[in-house]
Amino acid sequence: MNPLQPLSEVLIPKHSLADWLNWLEQRNPNHIELGLDRVAALWQTLQHTDDIKLPTIVTVAGTNGKGSSVAMLEAILIAQGYRVGAYTSPHLEVFNERVRIQGFDIDDRSLVNAMARLDAQPGAETLTYFEWATLSGLLAFAAAKLDVWILEVGLGGRLDAVNILDADLALITNIGLDHQAILGHDRSSIAREKAGILRKNQVAVYADPTPERTIAEIARLLDCPIWVRGQDFTVEQQSHSWCLIQAAQQNCWPMPFLTGQMQIDNAAGVVALLQHPANTLPVSSRAIELGLKSAKVIGRFERWVHADRQIIFDVAHNLESVRALLENLIENSELEDKYQRFAVFGALNDKPISAMLAFAQPYFNAWFIGHLASARTASVASIVALLPEEASSRSLHETDIVSAYNHALAHSKAGDQIVVFGSFFTVSAIRHHLSQVGAHLV
């Protein structure tokens, strides 16, 4: 089938959400077609026809930390009493995860209604999978009459579908080397794409601990009053809290529920955004504390127990996020000498697999490699070939990622640790498997 076969040509009954998703997935869900003309024109027509009044829009871009930052923003704003929608991607197990209303995945019926409304619009057949998901989410938010929409950029920023809306508040997390074939081969080029979400007179924060000056330069040209970490605010970690320091003012906050140094960095960006003097969403200190202590994200250093083994899921899929995962393992999940740590790994072929493996190999006693359910999966043979020599003799491989996990389980003993990472697809498949075999979250 042509990867861009018009949706109208895919003849599948569309009654349930499963029907709609089956219909939509007949096209290549991995197809990327950056650009805003088609999706913006459709949205403008829908907004005019349905008389959609936009609430406060918060847009979050960056390489890592977007999902966690969205979750913290969502939890804080809900704690303050706002009605909040959050749009994220990709999903791990069910499509509904992409569209949350008041902290809960959207129900099937609301999504079906949104998709039916979109399908009735001339031009919908030109949308990619992500564009379809985005406009469906926005229509669902509009129907729910919310106070705030939080939108996570899927890829880049400037040409991503969520950027059809002008954000009132914009947060850029860190900039790393990912999607280089599309966004550029260095941090400066990638930063320029992320900066595409900035607008004139818009509240914005750039929270990267090592900021690219490109972001501030673009903000200055736009007359965007951005706060940049290291220039306009700093972060200081204490034993049981962390502090945001801006000018002569210092405010200290509890550690986020989400684990790891990166989560403090993410929390700092979120709090800085909400405390920016031009922010029009009043938020109390109490709401910030409650939100930081309650925000959760599935698949980010998520701990399970299965057959008396410690299972850790993490969607780390580039060098920066793998580094953060390993720091978390060292700081928050040390093992006694009698126990071992095993890696279950699968990745997409456009990721820096060699660098990820080289960095991670000393931390694991053995590697279990599997094939992912994606057209972009890296073959097992190619991953094994990239394993450093020290790890290749300690690797076992299977035809699929769930079999690789089961192999790791069989080779481990009670008390050992199995770390599942490398891709959203890796975590999705094994997390779904564990939910069916009696494993449970810690």
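Mind checking which residues of segment 111-126 are out of contact with any strand residue (DSSP E or B) (no Cβ under 8 Å at 6 or more places or on another chain) and not in a loop (DSSP other than H, G, I, E, B)?
Across segment 111-126, the qualifying residues are V112, N113, A114, M115, A116, R117, L118, D119, A124, E125, T126.
Give me the residue from segment 64-105 that is in a helix (DSSP H, G or I) and of a type in the set (V, I, T) and, out of that set, nearest to the chain's Cα centre (by Cα).
Only one residue tops the list, namely V70.
Only one of (1) part of a loop (DSSP other than H, G, I, E, B); (2) within 26 Å of the chain's Cα centre (by Cα); (3) among the charged types (D, E, K, R) fails for E331. Which number is that?
E331 satisfies all of (1) part of a loop (DSSP other than H, G, I, E, B); (2) within 26 Å of the chain's Cα centre (by Cα); (3) among the charged types (D, E, K, R) except (1).
Find the residue count for segment 297-328, including only residues that are polar (S, T, N, Q), touching a helix residue (DSSP H, G or I) at 6+ places or on another chain (Cβ under 9 Å) and either outside any loop (DSSP other than H, G, I, E, B) or without any contact (Cβ under 8 Å) to a residue 60 or more places away in the chain (or both).
Count: 2.
May I ask you to say which residue of A404, A414 is surrounded by 16 or more Cβ atoms within 10 Å (Cβ to Cβ), closer than 19 Å to R309 by Cα, among the hydrophobic types (A, V, I, L, M, F, W, C) and assigned by TED's automatic domain parsing to the domain that holds L357?
A404
Any idea how many residues of segment 378-421 are touching a residue at least 40 places away in the same chain (Cβ under 8 Å) and touching a His at 6+ places or on another chain (Cβ under 6 Å)?
Result for segment 378-421: 0.
What's the total number of residues in segment 277-296 that are in contact (Cβ under 8 Å) with a residue 40 or more places away in the chain and either assigned to a helix (DSSP H, G or I) or buried (at least 21 other Cβ atoms within 10 Å of the Cβ) (or both)?
Summing the residues that are in contact (Cβ under 8 Å) with a residue 40 or more places away in the chain and either assigned to a helix (DSSP H, G or I) or buried (at least 21 other Cβ atoms within 10 Å of the Cβ) (or both) in segment 277-296 gives 8.
Considering segment 133-150 alone, what residues qualify as being buried (at least 24 other Cβ atoms within 10 Å of the Cβ) and either within 14 Å of H91 (Cα to Cα) or not aliphatic (A, V, I, L, M) (or both)?
Answer for segment 133-150, where residues must be buried (at least 24 other Cβ atoms within 10 Å of the Cβ) and either within 14 Å of H91 (Cα to Cα) or not aliphatic (A, V, I, L, M) (or both): A133, T134, S136, G137, F141, W149.
Here are some conditions: (1) in contact (Cβ under 8 Å) with a residue 60 or more places away in the chain; (2) surrounded by fewer than 22 Cβ atoms within 10 Å (Cβ to Cβ). L171 meets all but one. Which one does it not meet?
(2)
Among what's in segment 41-59 and is of a type outside the set (V, I, T) and surrounded by 15 or more Cβ atoms within 10 Å (Cβ to Cβ), pick the residue that is nearest to T173 (Cα to Cα).
Among them, the one singled out is P55.
Evaluate the following for L387: is it farther than 28 Å from H240 by Cα, in contact with a helix residue (DSSP H, G or I) (Cβ under 8 Å, 6 or more places away or on another chain), crowded, with 21+ Cβ neighbours inside 10 Å and at pLDDT below 95?
So L387 passes the test.
Which numbered condition in (1) crowded, with 19+ Cβ neighbours inside 10 Å; (2) more than 28 Å from G103 (Cβ to Cβ) is the only one that Q246 fails?
(1)
List every residue pair whose Cβ atoms sit under 7 Å apart, with the two residues 6 or more apart in sequence or on different chains, where the first one lies in segment 223-243 and is in a strand (DSSP E or B) and the second, anywhere, is surrounded by fewer than 14 Cβ atoms within 10 Å (Cβ to Cβ) and of a type in the set (D, E).
As it stands, the answer is W242/E236; C243/E236, since those pairs meet every condition given.
Return the total of residues in segment 206-215 being buried (at least 19 other Cβ atoms within 10 Å of the Cβ) and either under 16 Å from A272 (Cα atoms) or among the aliphatic types (A, V, I, L, M) (or both).
5
Can you pull out every residue in segment 60-107 that is surrounded by fewer than 23 Cβ atoms within 10 Å (Cβ to Cβ), small (G, A, S) and more than 21 Å from L135 (Cα to Cα)?
A79, G81
What do you reckon, is L387 outside the structural domain of A71 (by TED's automatic domain parsing) and either within 13 Å of T426 (Cβ to Cβ) or more than 21 Å from the chain's Cα centre (by Cα) (or both)?
Spelling it out, L387 is indeed outside the structural domain of A71 (by TED's automatic domain parsing) and either within 13 Å of T426 (Cβ to Cβ) or more than 21 Å from the chain's Cα centre (by Cα) (or both).
Does segment 282-297 contain at least one residue that is over 27 Å from V442 (Cα atoms) and modelled with pLDDT under 95?
The answer is yes, given that some residue of segment 282-297 is over 27 Å from V442 (Cα atoms) and modelled with pLDDT under 95.
Based on what the data block shows, is D37 out of contact with any Asp or Glu (no Cβ under 7 Å at 6 or more places or on another chain), of a type outside the set (F, W, Y) and free of Cβ contacts under 8 Å to residues at least 24 places away in the same chain?
yes
Go through segment 376-402 and count every residue that is farther than 14 Å from F342 by Cβ, in contact with a strand residue (DSSP E or B) (Cβ under 9 Å, 6 or more places away or on another chain) and of a type in the set (S, T, Y).
Final tally of qualifying residues: 2.
The values are calculated or read from the model by the stated rules, or taken from the named source; none is laboratory data. The shown structure was predicted, so the numbers you read here are calculated from the model rather than taken from an experiment. Neighbour counts are summed over all protein chains in view; Cβ atoms, including those assigned to glycine, are modelled from backbone coordinates with ideal geometry.
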